[in-house]
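In what follows, a single structure is set out as structure tokens and then discussed.
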Amino acid sequence: MLRNTYPAQYDAMAIAQFGSPAQLQLMRFDRPVLAAGEVLINNIASSINPIDYKTRAGLGWAAAKNGDKLPMVLGYDTLGEVIEVAPDVSDFSVGDKVLGFVGFPLEAGCYAQLVKSSAAQLVKLNNGSVNNDLASLPLAGLTAWQGLFDIGNLQAGETVLISGASGGVGYLALQLAINAGANVVAIASLANQALLQEFANVTFVDYNDISSFQAIGDIDLWFDLIGGDTAIKQLAQVGHIKRLVTLPTMSADVVCQSVAAKVESAQGMLVSNNTNQLANLSAMVENNTLRLNIVKYVDFKQAPLMHAQLESGELRGKIVLTF
Ligand SMILES: NC(=O)c1ccc[n+]([C@@H]2O[C@H](COP(=O)([O-])OP(=O)(O)OC[C@H]3O[C@@H](n4cnc5c(N)ncnc54)[C@H](OP(=O)(O)O)[C@@H]3O)[C@@H](O)[C@H]2O)c1
């Protein structure tokens, strides 16, 4: 019945070709038709992740696979309200507030007023406590969780080094590691030292002072969120590292090879959806055991400017897009 109260078309920020932030343009699409198992979401908020601007620029796997499927709507994080469900969907109803990690890695589609999603990708939120900040959680939070625990096998009492600890994934990983009883060595810029040392059991290392890396002790898990030559140089400074998990997929092989002789295991990873983990992460935010680092809330039409500022380093932290 509610279906007719929403328009037949919707707006989204999409790319018709790869390139600069200016390629992200406002486009109008027809309201999607649902297939079995799907729901339609009226998007309230989304967020920007580095993969969005890498894909927009034509870099990485999602861009390589989507070159012949443009225009493409970017974005994987959605927080919104269900406005339609396919007839076979019984666990969601119109009016439910949901959080989701949607269409990763090939489909995306969350820089949009309406988001079509498989119901299996969504977590139902308590309608009374919906907080737009949660839109910054799915991709970054799941990556942090899976990198530390599923792939990195971090245990209480171990020491984890997080390189890129002030970023979208790192700031969450740092807190999840502390909550799990680990000691944390956090690598970031001096500008973020105070932000990271608000938490107990954090040893801070300034990435611009590479000579200070020599003083880093034994590391059980090195969680590298930087990749490339920078990661290779940082890893070379530290003698005793048991396990490495490196996030940027484009450099994962070379970073792993660079430490093969001195670590017990080294691997890249690709985040995947897990609604149990996402529900747990959102519960942690709601009960204040996991803080989000939101620097800006902007209308989704400002996505090109936000991409430019994130890519140049002018802005750091999570940006929530609102609709
Ligand atoms: N494989 C996967 O499944 C997967 C999933 C998620 C993300 N990723 C990738 O992982 C990377 C991190 O993502 P993110 O969302 O956390 O990015 P982000 O929010 O852009 O954070 C990056 C952080 O890196 C820090 N940094 C810059 N140069 C550094 C250096 N030399 N040493 C240590 N830290 C440095 C910055 O800290 P300052 O602000 O202090 O300068 C910044 O806060 C991206 O490349 C992303 O594409 C991969």
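Report, by residue number, each residue of segment 206-240 that is part of a strand (DSSP E or B) and in contact (Cβ under 8 Å) with a residue 24 or more places away in the chain.
Those that are part of a strand (DSSP E or B) and in contact (Cβ under 8 Å) with a residue 24 or more places away in the chain: ILE219, ASP220, LEU221, TRP222, PHE223, ASP224.
Which members of segment 265-295 meet the condition of being in a loop (DSSP other than H, G, I, E, B) and touching a Gly at 6+ places or on another chain (Cβ under 7 Å)?
MET269, ASN293
Here LYS233 passes the criteria (1) within 21 Å of LEU139 (Cβ to Cβ); (2) within 9 Å of the ligand (Cβ to nearest atom); (3) of a type outside the set (A, V, I, L, M) except the one numbered (1). Counting residues in segment 164-173 that are touching a Gly at 6+ places or on another chain (Cβ under 7 Å) and in a loop (DSSP other than H, G, I, E, B) gives one or more. When ASN183 is tested against (1) more than 13 Å from the ligand (Cβ to nearest atom); (2) in contact with an Asp or Glu (Cβ under 9 Å, 6 or more places away or on another chain); (3) of a type in the set (S, T, N, Q); (4) free of Cβ contacts under 8 Å to residues at least 24 places away in the same chain, exactly one condition is not met: (4). Out of the residues in segment 263-280 that are over 23 Å from LEU106 (Cβ atoms) and of a type outside the set (S, T, N, Q), state the one that is nearest to the ligand (Cβ to nearest atom). Looking at residues that are over 23 Å from LEU106 (Cβ atoms) and of a type outside the set (S, T, N, Q), I get ALA266.
Conditions tested, residue by residue: (1) touching a helix residue (DSSP H, G or I) at 6+ places or on another chain (Cβ under 7 Å); (2) in the same structural domain as ALA303 (by TED's automatic domain parsing); (3) within 16 Å of the ligand (Cβ to nearest atom); (4) not charged (D, E, K, R).
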| residue | (1), (2), (3), (4) |
| --- | --- |
| ALA112 | no, yes, no, yes |
| SER118 | no, yes, no, yes |
| LYS124 | no, yes, no, no |
| ASN127 | no, yes, no, yes |
| GLN146 | no, no, yes, yes |
| LEU161 | no, no, yes, yes |
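It is to be established whether one or more residues within segment 286-304 are surrounded by 19 or more Cβ atoms within 10 Å (Cβ to Cβ), over 18 Å from ALA177 (Cβ atoms), aliphatic (A, V, I, L, M) and in the same structural domain as PHE104 (by TED's automatic domain parsing). Yes, segment 286-304 has at least one match. hydroxyl-bearing (Ser, Thr, Tyr) and either in contact with a helix residue (DSSP H, G or I) (Cβ under 6 Å, 6 or more places away or on another chain) or buried (at least 17 other Cβ atoms within 10 Å of the Cβ) (or both): which single residue out of SER282, SER312 fits that description? None of the others qualify; the one that does is SER282.
Report yes if ASP52 is closer than 30 Å to ALA283 by Cβ, within 16 Å of the ligand (Cβ to nearest atom), modelled with pLDDT of 95 or more and among the charged types (D, E, K, R), otherwise no. Taking the combined requirement at face value, the residue satisfies it. Residues that are in contact with a strand residue (DSSP E or B) (Cβ under 6 Å, 6 or more places away or on another chain) and closer than 24 Å to ALA308 by Cα number at least 1 in the following strands (runs of 3 or more DSSP E) confined to segment 57-124: 77-85.
The values are calculated or read from the model by the stated rules, or taken from the named source; none is laboratory data. Because the structure is a prediction, the values reported are computed rather than measured. Positions of Cβ are backbone-derived with ideal geometry, glycine not excepted, and every protein chain shown enters the neighbour counts.
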